[in-house]
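Notes follow once the structure below has been shown.
What follows draws every value from the coordinates through simple rules; no lab data is involved. If you're wondering where the values come from, they're calculated on a predicted model, not measured in any experiment. Here Cβ is always computed from backbone atoms with ideal geometry, including for glycine, and neighbour counts include all displayed protein chains.
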Amino acid sequence: MNGAIEAPTIEYGQLMPMLLVFGAAVVGVLIEALAPRYLRKAIHVPVTLLSLAGAFALIILQAVRDGVPEQASAMGAIAVDGPALFIWGVILVLAFISMLLINDDDQFVAQAAAVPGSPEEEDAVAQGGAHTEVYPLALFAIGGMLLFSSANDLLIMFVALEVMSLPLYLLCGLARRRRLLSQEASVKYFLLGAFSSGFFLYGMALVYGFAGTVDLGGISSALASVGGQDSLLYIGVALLGVGLFFKIGAAPFQAWKPDVYQGAPTPITALMASGTLVAAFGAVLRVFWVALGNLDWDWRPVMWAVAILTMVVGAILAITQTDIKRMLAYSSIAHAGFLLIGVIATGDAEQNSGSLSGILFYLLTYGITTVGAFAVVTMVRDAGGEAGHLSRWAGLGKRSPLLAGIFAFFLLAFAGIPLTSGFFGKYAVFAPAVSGGALGLVVVGVISSAVAAFFYVRVIVLMFFSEPAADGPTVALPSVGTAAVVTIAAAATVVLGVFPQPVLDLADQAASALFIR
Amino acid sequence: MELYLPILVLAVLAGGFAVFSVAIAPFTGPKRWNRAKLDAYECGIDPTPQPVGGGRFPLKYMITAMLFIVFDIEIIFLYPWAVAFDQLGVFGLVEMVLFIATVLVAYAYVWRRKGLDWD
């Protein structure tokens, strides 16, 4: 009993980007506690943006000066490997530009506890109330995303899943307008998210029962050495899969996505649709490649079915949508399906790093375009807030050609038209998949891309070739932040579509050593 | 299977006790009518009349319960640390100080935002 307990070694240097974001979140809570109401936002904005920028700088410093670590950090709990550094960088870039959108005052509720439409709410609006807690909450969510994508241990992964999700559940309910819809989205997301976390946890327990460890590398080696416990393993893996597929919004676990994306404040939707998706794919890759890589013959058929279903459901249901945010949500589901093709296309080390590099590049291109598209959505408004209904967008190209043009460009990028980043994103995922023997999936992917292109083009036609409605929405003069987001996103979509090689090389380099165990 | 026999016996005993207690109460307990007995149990919200249109209702009990959980978790971590303090050394001390500081931040937030005021 008296054996000395060895102090664990923790590589603080490698974990610094994440610690910085979490630290800034804690500072944010302190600001909420101590700073006077009128100063809070003025302090939050620089703290938040600087911490995200600082974390990004630390990642570059780590990659350039110290190189990519060869061993998992913090006693094997967190793997700061090449893919993790790349994914961290992508998440931080997306979080930074989403944060510029979140800065826009007009998106968040004045008094969340007030009943929608009640006198209390009117009072709070009149007094200019605001929930500046949005900043620390978003930072906690972003920190959770960083941890989720780099967890090398199912237990840490679960903690990260909750740290990422709980603030998002709350943020979803804080939309300034259409309060009931927003609260409905929040409750739906919370209940379904908690339910899927339960699946993940139960799967983790069963896999632990099989392997005797929650360490991803340990599970991988247990696959070869443990015999006769297959049912534990298979049921456990299936349940883990349910939890992870829910987070990426793969069919048949996609039902929450349109409702939540529509109801949540649009800047939060942008953060969820980009950052959460990136982080969740990091976790999916780690679980299915690192822990279950040798089991790929068993999970691949199921993943095929899920990927096909996801692409088809996303592309076909998007056609019938009449709300722009719901349409983008279904588009996000379809894109999750395209990304799953990359997850399936495993093989030898070279094949794996090709697929991984494609996924990394796709995540970046899709994320940036998504934030840009939602930024445009925040700007098209009528009396009741954002003009979500597609019919309201008719003729927008005649009223404000520039904005409509940029939005059309984002839609073309989603569709994967050449000279946009989306084209190279799709190519980077589909090409390794063909060489990895997933030709059938790629065919489905290309067909659903074509179906998806139909409804993207339909919106473009609506914007440019329809007569504007008499009392159509106005395009709000963007705040500096919103204008910056649209500009950055449009620029990135062009640059990555015309001159993608440097970033492709970077993704190749990040993926070359694959995941460490 | 024998390994699980004590658990089974315990479950039967516990279930039997619960059924026995409920079944015996109407015969042995005094029957004194009291309006409070018909109210919902200790949830902090008056069940009737509901505020108009759903309205706002006080969350005092819930906030107290939430704070209890936060500090309860803190204590749960403090106990093993205190017991193994000598062996954990400086590393344990630093980590614990960090942990307590983080909880303190949450405490400061609740305090400043009047979460500890009852009325």
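Things worth noting here:
- For the peptide B:87-96, the mean number of other protein chain Cβ atoms found within 10 angstrom of a residue's Cβ is 3.
- A simple rule links phi to the HN-Hα coupling: the Karplus curve 6.51 cos²θ - 1.76 cosθ + 1.60 with θ = phi - 60°, which for region A:158-170 gives 5, 4, 4, 4, 6, 4, 6, 7, 4, x, 5, 3, 5 Hz, with x for Gly and Pro.
- The listed peptides B:108-117, A:350-359, A:218-227, ordered by packing as a protection proxy, come out as A:350-359, A:218-227, B:108-117 (highest mean of other Cβ atoms within 10 Å first).
- Phi to ³J(HN,Hα) by Karplus 6.51 cos²θ - 1.76 cosθ + 1.60 over region A:10-23, Hz, x for Gly, Pro: 10, 7, 4, x, 5, 8, 3, x, 5, 5, 5, 5, 5, x
- Fewest neighbouring Cβ atoms within 10 Å first, the residues A:190, A:195 line up as A:195, A:190.
- Helix A:501-512 axis, angle to chain A major axis (alpha carbon atoms, nearest 10°): 30
- Inter-site label distance for residue A:399 and residue A:322 at 7 Å from Cα along Cβ, in nm: 1.9
- Between region B:86-104 and region A:123-140, the alpha-carbon centres lie 32 Å apart.
- Partner chain coverage, peptide A:5-14 - average Cβ within 10 angstrom: 2
- Separation of alpha-carbon centers, region A:42-98 and region A:442-462, rounded to whole Å: 35
- Rounded to the nearest 20, the Cβ-based charge dipole of region B:56-119 about its Cα centre (Lys and Arg +1, Asp and Glu -1) stands at 440 debye.
- Between residue B:1 and residue A:230, the FRET efficiency estimated from the beta carbon spacing at R0 = 35 angstrom works out to 0.95.
- Each of A:439, A:168, A:462 was scored by other Cβ atoms within 10 Å of its Cβ. Listed from fewest to most, they are A:439, A:462, A:168.
- Remark: for residue pairs A:257/A:426; B:37/B:60; A:41/B:60; A:247/A:426; B:37/B:114, the C-alpha separation exceeds 25 Å in A:41/B:60; B:37/B:114.
- Centroid-to-centroid separation of region A:337-358 and region A:183-229 [C-alpha atoms, Å]: 23
- A Förster radius of 35 Å combined with the Cβ-Cβ distance from residue B:60 to residue B:37 puts the calculated FRET efficiency at roughly 0.95.
- Here's how it looks for residue A:78: its modeled amide H is under 5 Å from those of A:73, A:152, which are all 5 or more places away or on a different chain.
- R0 of 60 Å, Cβ-Cβ distance residue A:297-residue B:100: FRET efficiency to nearest 0.05: 0.75
- Sequence-distant residues sharing a close amide H with residue A:108 (under 5 Å, placed H): A:176
- Relative packing of peptides A:410-423, A:87-100, A:35-48 - highest average C-beta neighbours within 10 Å first: A:87-100, A:410-423, A:35-48
- The mean sequence separation of alpha-carbon pairs under 8 Å and at least six residues apart, normalised by the residue count of chain A, gives a relative contact order of 16 percent.
- Rounded to two decimals, the Cα-based Rg/Rh of region A:349-414, with Kirkwood Rh, is 1.19.
- Of every Cα-Cα pair in chain A, the percent that sits beyond 36 Å: 28
- Estimated 222 nm signal from helices in chain A, with DSSP H stretches of n ≥ 4 weighted -39500 (n - 2.57), rounded to 500: -24000 deg cm²/dmol
- Residue exposure sequence - B:61, A:234, A:456 - by fewest surrounding Cβ within 10 Å: B:61, A:234, A:456
- Cα-centred dipole magnitude for the protein assembly as shown, charges only on beta-carbon of K, R (+1) and D, E (-1), debye, nearest 20: 1540
- Among A:437, A:468, A:456 the positive-end extreme of the charge dipole of the protein assembly as shown (Cβ point charges): A:468
- Degrees between helix A:37-61 axis and first principal axis of chain A (Cα, 0 to 90, nearest 10): 40
- Straight-distance candidates among the aspartates and glutamates for linking to residue A:398, with alpha-carbon spacing under 19 Å and chain neighbours fewer than 8 residues away dropped: A:382, A:386, A:467, A:471.
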